[in-house]
Amino acid sequence: MDINSKAPRKIQLIPTALLQILASIMLAFSTRFGILHIGVFCIAVAGAMFAVQILAGKGYWHFAVASVSVCAAFLIGGLFPFFMCAFTLPAGIMLAVMVRKRSSKIGVSAALEILYAVLFALLFLAVYLLQGGEPSVNAVIAYFSGIVDSIKETAISNIEPEVMEQIAKINEVSTEEFLEMLDVSFEVFKLILPAILISTMGVLAYLTATFFKLGTAIAGCELVLPDPKWRTLPSRASAVVFAVSYIVFSFATMFSSSFNVVMVVCISVVIILAPLMLLMGAKWFASSRNKTFILVLFVVGLLFMTPLAIMILAFFGAAEVFKLHDKIKRQQPPPENG
C-alpha cells in the first residue's frame with residue numbers, strides 16, 4: 001500500500017524542500033566565510049530532508065529540489081560548497097534505502113558514517129592533488145603533520161611570556177618543561193587525529209538520521225519509519241569495547257610515560273565510541289530520578305575535572321546500553337514449546 005494512503009494526515013513536503021534549499025544556502029555561505037562546522041551541520045539537514053522526500057514524494061519532485069539546492073550552493077560559494085552539497089544526494093539515497101529495509105537507527109548511522117568518511121576523503125584528495133600535493137601516503141601524513149605544527153606554533157606565539165610562566169608554575173614545571181609538554185601533546189594529537197575525524201563523521205551521520213526522524217514529523221509521514229520510536233540503542237559489544245579500551249588505556253598510562261601502539265589504538269577506539277556513549281549517558285540522566293543532584297555533581301565535575309566527568313558520564317551511558325537491552329529482553333514473550 002502506498003505511504004500517502006496510510007498517513008494519518010496529509011503529507012506536506014514543501015517544508016522539507018524549503019529546509020533542504022535553506023540548508024544548502026547556509027552551507028555555501030558558511031563555507032565561503034570559513035565557518036566549516038556550520039557547513040557540515042547543514043549537510044546533515046539537507047541530506048535528511050532529501051531522504052524524506054524520496055520516501056514520501058511522488059515522481060521526480062526530490063530530484064528537482066536537489067537540483068535547486070546544488071545549483072544554489074554553486075552560485076553562492078563555488079565548487080567546494082557545490083561538492084559538499086552534492087554529498088547530501090548519496091547520503092539521502094542511502095538513508096532512504098536503508099529505512100525502506102527497516103534498518104535500525106544505529107545501523108543507518110554506521111552506514112552513513114562510512115559513506116561520509118569516503119566522500120570527505122575523496123574531496124580532500126581532489127583538493128590536495130589540485131594544489132600540487134604528492135600522491136603518496138607519507139606525503140599526506142606530512143601534510144596533516146604540517147597543519148598541526150603550524151597550529152602549535154600559532155598557539156605558542158599567542159601566549160604571552162608572563163602567562164606562560166604562570167601556567168608553568170601552576171603545573172609545577174619550568175617554562176622549558178611546559179613547552180616540552182606542549183610538544184608531546186601536539187604529537188599525541190597527530191596520532192589520534194584519524195580517530196577524531198572518524199568520530200566527527202559519526203556525529204554527522206547520527207545527526208542526519210536524527211534530522212530525518214524530525215523531517216518525517218514535519219512532513220506528516222512518520223509511517224515511513226521502521227518503528228514509531230526508531231530509538232538509538234547501541235549493541236552490547238560496542239559498550240564492552242568502549243569500557244575495555246578505556247580501562248586498558250588507563251592501566252597502560254600507569255606503566256608507560258610515552259605513547260605506544262596499544263595506547264594509541266585504545267584511545268582511538270574510545271574517541272570513536274565516546275559520542276555514542278555520551279548520548280546514552282544523557283539518556284540515563286533523563287531517566288534518572290535525582291536529576292538535580294546529578295546535574296550539580298556533573299557541573300562541578302566539568303569545572304574542576306572535565307575529562308574525568310565526561311568519561312564517567314560515558315561509562316554511565318555504557319551501563320545504560322546493558323540496562324536497555326535487558327529491559328527489551330524481559331519484554332519479549334518467552335518462546336513457545338513445540
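Here are the numbers for the structure shown:
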| quantity | calculated |
| --- | --- |
| Net length gained if the chain between CYS71 and ILE167 were fully extended (0.36 nm per residue, minus Cα distance) | 29.5 nm |
| Prolate/oblate/rounded label for region 158-288 (Cα gyration tensor, a/c 1.5) | prolate |
| Semi-axis lengths, Å, the chain, gyration tensor of Cα atoms, sqrt of 5 times eigenvalues | 38, 30, 18 |
| Chain lengthening between THR306 and VAL262 when straightened (0.36 nm per residue, less Cα-Cα) | 13.4 nm |
| Taking CYS85, CYS71 and counting other C-beta atoms within 10 Å, the order from fewest to most | CYS71, CYS85 |
| Residue-count net charge about THR232 - beta-carbon cut-off 9 Å; Lys, Arg +1, Asp, Glu -1 | +3 |
| Region 71-123 versus region 11-44: alpha-carbon centroid distance in Å | 13 |
| Label-point separation in nm, ILE156 to VAL244, each point 7 Å along Cα→Cβ | 4.0 |
| Members of LYS105/LYS329; LYS58/LYS101; LYS229/LYS329; LYS229/LYS283; LYS229/LYS323; LYS101/LYS283 lying beyond 23 Å, as alpha-carbon distances in this model show | LYS101/LYS283 |
| Under 15 Å, Cβ to Cβ, from ASP183 - net charge with Lys/Arg +1 and Asp/Glu -1 | -4 |
| Computed [θ] at 222 nm, helices only, for the chain once each DSSP H run of length n ≥ 4 contributes -39500 (n - 2.57) | -27500 deg cm²/dmol |
| Projected-area average for region 1-126 over all orientations - Cα convex hull basis, square nanometres | 8.0 |
| Backbone N under 14 Å from the GLU222 label point (7 Å along Cα→Cβ), restricted to region 86-123 | none |
| Three-way shape label, region 111-229, alpha-carbon gyration tensor, a/c 1.5 | oblate |
| Pairwise label distance in nanometres, LYS327 with ARG236, each label 7 Å out on the Cα-Cβ vector | 1.7 |
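Throughout, read-outs are computed from the coordinates displayed, never taken from laboratory work. It should be emphasised that the depicted structure is a prediction, and the values quoted were computed from it without experimental measurement. Cβ: placed from backbone, ideal geometry, glycine included. Neighbour counts: every protein chain shown.
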